[in-house]
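Colleague: Handing you a structure now.
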Amino acid sequence: MKKVLLAAAALMVAPVFAADVPAAAETAVSPIKATEKPVLPVMIKSVRATPLAASAPQQPSAMDNMHRMSEEMLAGVKRRHPDAAFAAGMVPHHQGAVEMAKVELAQGKDLVLRKLAENIVQTQQQEIDRMNRFLASKPAYAVQAEPLSAMNQAYIKTIEPMHEKMMQGMMQSDPDTAFAAGMLPHHEGAVEMAKLELRYGKNKAIRELAQNILHAQQGEIELMNGWLKTHAAEAETKPAPLAMPVAASQATMP
């Protein structure tokens, strides 16, 4: 099964991107901020939750990065213009994925997941750059909605459950499992956001980007689901450790 997953990962290719927006808009957008507090994590049912030790390398910086990502996403998706709401929400979302992938490359051992992490770093950084150029070229799109529209509220509804499941997935003790279990809901959130852009968005380049995200991340979701199922099955079939015999000197005398 691992050979099959490795072959699938090796065949991954970066999605074909639409033409960039004008090169004159190379300046990155200003940081996105929000006042909303991130929601508390819940259990992710598809993976056995092994609590992460307090000294594990994923803590605390990885969790802090994910909280910041969610806060910035919540601010970004409140923009009035639908294409700007998508891009301003997806930029920190992608940045979170890149940070998670870098942790996997530093700590993970599984070749399939490391290949996936490399692909995420490469392709999503390219998409971050494109969305930042789009946002910088449309300063008028930075206006936030007041009150929030149905479109804004739909984006917010995708962020909260994604954050909950993602944070719980990252609490696995094994770095590879933590990466897959955290990135899976992260990708599912991206798919839902891409669907909203295709529903509400008007800009051709951003809509094409959303379509690329939808296609690429659905394939990666299937890969991670397969890996997690295989990993869980292997964990179930491993024999329990044998009990250590009690030394004769420690045995209780009758």
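The values are calculated or read from the model by the stated rules, or taken from the named source; none is laboratory data. Just so it is clear, the model here is predicted, and its values are computed rather than measured. FYI the Cβ positions are ideal-geometry reconstructions off the backbone, even for glycines, and counts take in every protein chain you see. These accessible areas exclude ligands, DNA and RNA; they are computed on the full protein's heavy atoms, side chains included. Shrake-Rupley method; radii C 1.70, N 1.55, O 1.52, S 1.80 Å.
Colleague: Quick one: residue 161 ticks every box in (1) surrounded by 13 or more Cβ atoms within 10 Å (Cβ to Cβ); (2) closer than 20 Å to residue 110 by Cβ; (3) modelled with pLDDT under 95; (4) not aromatic (Phe, Trp, Tyr) bar one, so which box is it?
Modeller: Residue 161 satisfies every listed condition except (2).
Colleague: So, of the residues in the range 219-234 that are charged (D, E, K, R) and surrounded by fewer than 16 Cβ atoms within 10 Å (Cβ to Cβ), which turns out to be nearest to residue 123 (Cα to Cα)?
Modeller: Only one residue tops the list, namely 222.
Colleague: Can you tell me how many residues within the range 134-165 are of a type in the set (Asp, Glu) and not in a helix (DSSP H, G or I)?
Modeller: 1
Colleague: Let me ask you something else. Take the residues in the range 58-117 that are modelled with pLDDT of 95 or more and basic (Lys, Arg), then tell me which one is most open to solvent (accessible area, probe 1.4 Å).
Modeller: 109
Colleague: Within the range 149-175, how many residues are over 14 Å from the mean Cα position of the chain (by Cα) and either of a type outside the set (A, V, I, L, M, F, W, C) or within 14 Å of residue 96 (Cβ to Cβ) (or both)?
Modeller: Final tally of qualifying residues: 9.
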